[in-house]
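Shown next, in structure tokens, is the structure this report addresses.
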Amino acid sequence: MTDLPFTPADPDIAARLDASLDVEGKIPRALETLGPVAGRDVLLIDGEGGRRAAQLAELGARVRTIPAPAGDGTLAAEAASADVVVGLWSTFRAPCATELAEADRVLRPGGRILIVHDYGRDDVARLRGELPEHGAWSRRDGWFLTNGFRIRVIHCFWTFAAIEDAQGFLADAFGPVGVDVGAGLKRPRLSYNVAVYHRDRGGTGAPG
């Protein structure tokens, strides 16, 4: 599901991550700034019943959720049926030319595509290891920026009630590497940077 940057096999760990992720609400605020989403028809991919759908609704978006793209990349939505298409983590795994074409198809003229992925260069990247989203995707010659997207980096956190809570979660979720990262914590949170790739329908990444 789109609600989390990865899907832990243990539902308890998933719930603990969901509760700690971006408690400041920086991600939904960025989507509003780059959309906007308030008062508009927003198509959220792979997020039914989740926290991010609720956050978009709280901003005033008229949210409709659809499943992740089919095997051929098609989206289960009619043409020109949305003002904003939002994908978070689980979709638009670059390169994704078919998904991009599908997003343009379902958007109305002037519509916006907003895609959230991990950016890396943070504490969380130490846990997850080398991933293409931590470097290649955000490069000037990477798929997103060469296909009309611009990038906004949001400096977020995974936040816990106490350092001990953070250390326990990291050990349970990530094993030895989590223990190592947890041992170095000075505060009950981990730095977590996300990239919001944004683009007009069929065009440029404006606004800035």
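Summary table below
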quantity: Considering residues of the range 78-105 that are surrounded by 15 or more Cβ atoms within 10 Å (Cβ to Cβ) and β-branched (Val, Ile, Thr) only, the residue nearest to ARG51 (Cα to Cα); calculated: VAL86
quantity: Test result for VAL124, out of contact with any Lys or Arg (no Cβ under 9 Å at 6 or more places or on another chain), outside any loop (DSSP other than H, G, I, E, B) and among the β-branched types (Val, Ile, Thr); calculated: yes
quantity: Unmet criterion (only one of (1) outside any loop (DSSP other than H, G, I, E, B); (2) within 22 Å of VAL63 (Cβ to Cβ)) for VAL153; calculated: (2)
quantity: Candidates ALA9, ALA19, filtered to the one that is without any contact (Cβ under 8 Å) to a residue 12 or more places away in the chain and part of a helix (DSSP H, G or I); calculated: ALA19
quantity: In the range 151-208, residue surrounded by the most Cβ atoms within 10 Å (Cβ to Cβ) [restricted to those that are aliphatic (A, V, I, L, M), in contact with a strand residue (DSSP E or B) (Cβ under 8 Å, 6 or more places away or on another chain) and within 16 Å of ASP22 (Cα to Cα)]; calculated: VAL194
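Listed here are the residues, each with its yes/no results for (1) small (Gly, Ala, Ser); (2) assigned to a loop (DSSP other than H, G, I, E, B); (3) crowded, with 17+ Cβ neighbours inside 10 Å.
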position: ALA15; (1), (2), (3): yes, no, no
position: ARG29; (1), (2), (3): no, no, no
position: THR33; (1), (2), (3): no, no, no
position: GLY39; (1), (2), (3): yes, yes, no
position: VAL42; (1), (2), (3): no, no, yes
position: ARG52; (1), (2), (3): no, no, yes
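Since every read-out is calculated from the coordinates, none of them should be taken as a lab result. Computed from a prediction, not measured in an experiment: that's the story for all the values here. Ideal geometry is used to build each Cβ from the backbone, glycine not excepted, and the neighbour counts take in all protein chains shown.
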